[in-house]
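To start, the structure under review is shown below, and the notes come after it.
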Amino acid sequence: MSKERIQISEDLYDIMPSDYQDLVKNATYGKEDRGWKDIGTSKELIEQHSLCAGCPESMAFRYILASLPNPEDTVMVGSTGCTSLVFPMVAVHNIHSLFGNQNAIASGLKRALSVRFPGRVKDVVVLAGDGATVDIGLDMTLQAWFRQEKFTTICFDNELYANTGGQESGLMQKGFVAKMAPVGKLFDKVRLPEIARESGCHYVVNCTVSKPSLVEKVIRNAVHIAREIGPTYLQLYTPCILEIGKNSMEGLQEMRDSEKPNERFAYKEYISEPAKQLLAELAAKDKERKAAAKQLAGQASA
Amino acid sequence: MSDYRVLPGPEHFLPPAAASMGICLPNPGEAHINGVIAPEEKAYEEAARQFLMAKVPTIFPGPLVLWAWNEKAAKKATAVRHLFNTLVECVQPGQKPMLIPMPDYRPKYPKINPEVEINPNHPNLTIWHNRIDCCMFIGVHCHQANLSLKIIRGGTSCYTIAMCAQAGHEDAMLSFRDASVEKIMKLADTVKRLKGTVQPRLASAKNGVSS
């Protein structure tokens, strides 16, 4: 496991900036049941980020990084956008691809890792905005799913091109007027979750990041299913508070409002039959592990 | 042989890569000083002299020695610490040796803390902030070292030394090649030997670092 492999040289330990010392001492690499509840008690895998104050994307980043089941052996592939400002501050291997290329890069990367490290689990997670996933990179996104590439695609859906001032994107809702889209969107929001299902994704979720426990669950499911079965897709609503005219503290409420029944981010989930079977097996193993731990704790206290 | 010389800057905003100006890398057993191939023995003397002359002689250890990837890396880290301790022992009052890490290469936003680290994408910030007038890179991957050395030559007047584990760096003012624990220790010994024989440029160092 990487935490044991990566240690600071003893003779130079004292000159290392404290964030690196913390990462080695207090991060949750290798912890089997790591999750969002570690936030606040352990070193997070994200240092200061340069997103706007109150940006829901920063919440999403924190929850996702806390929930990855295998961060020391995970490579994230990003694309141009607000996310690319965060990746330099993330303590997980990551690659910045050309705008829209992320799923093509991830396909090659996943295959190369399987060849290079045949005996080791290596996860690949694509994390890109809606412009990269649905507009500019749709070809690469779909082709990776058609080919059944074994990695997870996460789309941070903020329903426009936020980083460049608010242009219309395919995932923008119909009729929405943005700073750089003054006539309003003329057609419906692209139904990518449905397209993902039809394109062969084994696990598809459409939700917001208002609930950390839910984000943790879907991330773990998506990564495990992608590892064993085939492509998975998560579309997470991370509204750009600046571009929709909200204040810093209103991002959470915006997500809560958007996930009500019949709203566009009401929780939707699709799981293929093989994926359901895998999740059931994982749940059974988890139950066994917890029971064994409980028994061990009981014996220790007796 | 090229007439171009790799000298302390500030050269200009985008200095040419020294290789493009005809500067060649040394062969095993050699080094280069200002772009001119020289025997390694001479380079030890010159590097030690530059360290002892500087107001703020600084070592920048990179990821290849900061992280204990293997036993060799850990031993090099010990040697780097020994070299730094030797510098501290050998300098005169008014000189301030520093040991500043380059833990990784990511472009750090929104800022780095130049008091505690150096980043290869804007090394000049750390050099300006600490008024460093002589530095040595060790354990920095070649492509990042070249980038940093060029930026330093472009925007500062800092004298740069590369203790390179591979074939050396044209963009440093002085470059060793095939760095090993023994070579680092030998440089420390040379510093110790020249102690007291070199006059520090304390007065002129006030203007030594250009911003």
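The values are calculated or read from the model by the stated rules, or taken from the named source; none is laboratory data. What you are looking at is a predicted structure, and each value in this text was computed from that prediction instead of being measured. Glycine gets a Cβ as well: all are built from the backbone with ideal geometry, and neighbour counts include every protein chain shown.
What the table below lists for this structure:
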quantity: Candidate set from segment A:238-254 (those that are farther than 21 Å from A:LYS179 by Cβ and among the hydrophobic types (A, V, I, L, M, F, W, C)); member that is surrounded by the fewest Cβ atoms within 10 Å (Cβ to Cβ); calculated: A:MET249
quantity: Residue match in segment A:37-48 (condition: without any contact (Cβ under 8 Å) to a residue 60 or more places away in the chain, crowded, with 16+ Cβ neighbours inside 10 Å, touching a His at 6+ places or on another chain (Cβ under 7 Å) and in the same structural domain as A:THR238 (by TED's automatic domain parsing)); calculated: no
quantity: Extreme residue, farthest from A:PRO212 (Cα to Cα), among residues of segment A:10-47 that are within 14 Å of chain B (Cβ to nearest Cβ) and touching a helix residue (DSSP H, G or I) at 6+ places or on another chain (Cβ under 6 Å); calculated: A:ASP11
quantity: Set A:GLY200, A:GLY184, A:GLY245: member being of a type outside the set (Phe, Trp, Tyr), free of Cβ contacts under 8 Å to residues at least 12 places away in the same chain and closer than 19 Å to A:VAL134 by Cβ; calculated: A:GLY184
quantity: Flag for B:GLY94 being small (Gly, Ala, Ser) and touching a Leu at 6+ places or on another chain (Cβ under 7 Å); calculated: yes
quantity: Any hit, segment A:274-293, residues being part of a helix (DSSP H, G or I), at pLDDT below 95 and either assigned by TED's automatic domain parsing to the domain that holds A:ALA66 or over 29 Å from A:ASP38 (Cβ atoms) (or both); calculated: no
quantity: Matching option when the condition is surrounded by fewer than 19 Cβ atoms within 10 Å (Cβ to Cβ) and either in contact with a Phe, Trp or Tyr (Cβ under 7 Å, 6 or more places away or on another chain) or within 14 Å of another protein chain (Cβ to nearest Cβ) (or both), among A:LYS110, A:LYS174, A:LYS185; calculated: A:LYS174
quantity: Some residue of segment B:97-106 being without any contact (Cβ under 8 Å) to a residue 40 or more places away in the chain and within 14 Å of chain A (Cβ to nearest Cβ); calculated: yes
quantity: Enumeration of residues in segment B:1-33 that are aliphatic (A, V, I, L, M) and exposed (fewer than 12 other Cβ atoms within 10 Å of the Cβ); calculated: B:MET1, B:LEU14
quantity: Single residue of segment B:63-96 satisfying the filter (away from chain A (no Cβ under 12 Å) and outside any helix (DSSP H, G or I)) that is surrounded by the most Cβ atoms within 10 Å (Cβ to Cβ); calculated: B:VAL91
quantity: Output for segment A:248-292, where each listed residue is hydrophobic (A, V, I, L, M, F, W, C), in contact with a strand residue (DSSP E or B) (Cβ under 8 Å, 6 or more places away or on another chain) and closer than 22 Å to A:TRP145 by Cα; calculated: A:ILE271, A:ALA275, A:LEU279
quantity: Residue check for A:PHE99: over 20 Å from A:ALA226 (Cα atoms) and more than 13 Å from chain B (Cβ to nearest Cβ); calculated: yes
quantity: Check on B:LYS183, more than 30 Å from A:THR83 (Cα to Cα), facing chain A (nearest Cβ under 10 Å) and of a type in the set (Lys, Arg); calculated: no
quantity: Among (1) at pLDDT 95 or above; (2) under 25 Å from A:VAL177 (Cβ atoms); (3) surrounded by 14 or more Cβ atoms within 10 Å (Cβ to Cβ); (4) of a type outside the set (D, E, K, R), the one test that A:VAL204 misses; calculated: (2)
quantity: In segment B:76-126, residue modelled with the highest pLDDT [restricted to those that are touching a Pro at 6+ places or on another chain (Cβ under 7 Å) and among the acidic types (Asp, Glu)]; calculated: B:GLU117
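Here is a yes/no grid of residues against (1) surrounded by fewer than 20 Cβ atoms within 10 Å (Cβ to Cβ); (2) in contact (Cβ under 8 Å) with a residue 60 or more places away in the chain; (3) not charged (D, E, K, R):
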| residue | (1), (2), (3) |
| --- | --- |
| B:HIS143 | yes, no, yes |
| B:LYS150 | no, yes, no |
| B:ASP171 | no, yes, no |
| B:VAL181 | yes, yes, yes |
| B:ALA188 | no, yes, yes |
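Residue-by-condition table, conditions (1) within 19 Å of B:ARG5 (Cα to Cα); (2) outside any loop (DSSP other than H, G, I, E, B); (3) in contact with a Phe, Trp or Tyr (Cβ under 8 Å, 6 or more places away or on another chain):
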position: B:ILE112; (1), (2), (3): no, no, no
position: B:HIS129; (1), (2), (3): no, yes, no
position: B:ILE152; (1), (2), (3): yes, yes, no
position: B:GLY168; (1), (2), (3): yes, no, yes
position: B:ALA172; (1), (2), (3): yes, no, yes
position: B:ALA179; (1), (2), (3): no, no, no
